[in-house]
Amino acid sequence: MSGGKNGGFVDNLNRAVNEKGYLIDAKGNIVDTNMKMLWRHEHLLNGEFPKIFPFTKFNINRVRGDCDLDA
């Protein structure tokens, strides 16, 4: 990601991206590789889309499970 025309960012294929590296259209909406809009610019917070899952409630012990070490 480097500075592109008009001070914006571009990826290695010279496509416009925001400061977080997401592909964007001319209006600043996050889009996929086919330029289909995924998130509207007004819904972004500091260039990030809203988080869908509550990551703050993650419990590592539920993932670890019970493990025994071999001798």
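Per-residue packing, averaged as other Cβ atoms within 10 Å, sorts the ranges 25-31, 43-49, 62-68 into the order 25-31, 43-49, 62-68, beginning with the highest.
Ignoring aspartates and glutamates fewer than eight residues from Lys27 along the same chain, the ones with Cα atoms less than 13 angstrom from its Cα are Glu42.
None of the figures in this text is laboratory data; all of them are computed from the coordinates on show. These numbers were taken from a predicted model, which means no experiment stands behind them. For neighbour counting, all protein chains shown are included, and Cβ atoms are generated from backbone atoms with ideal geometry for every residue, glycine included.
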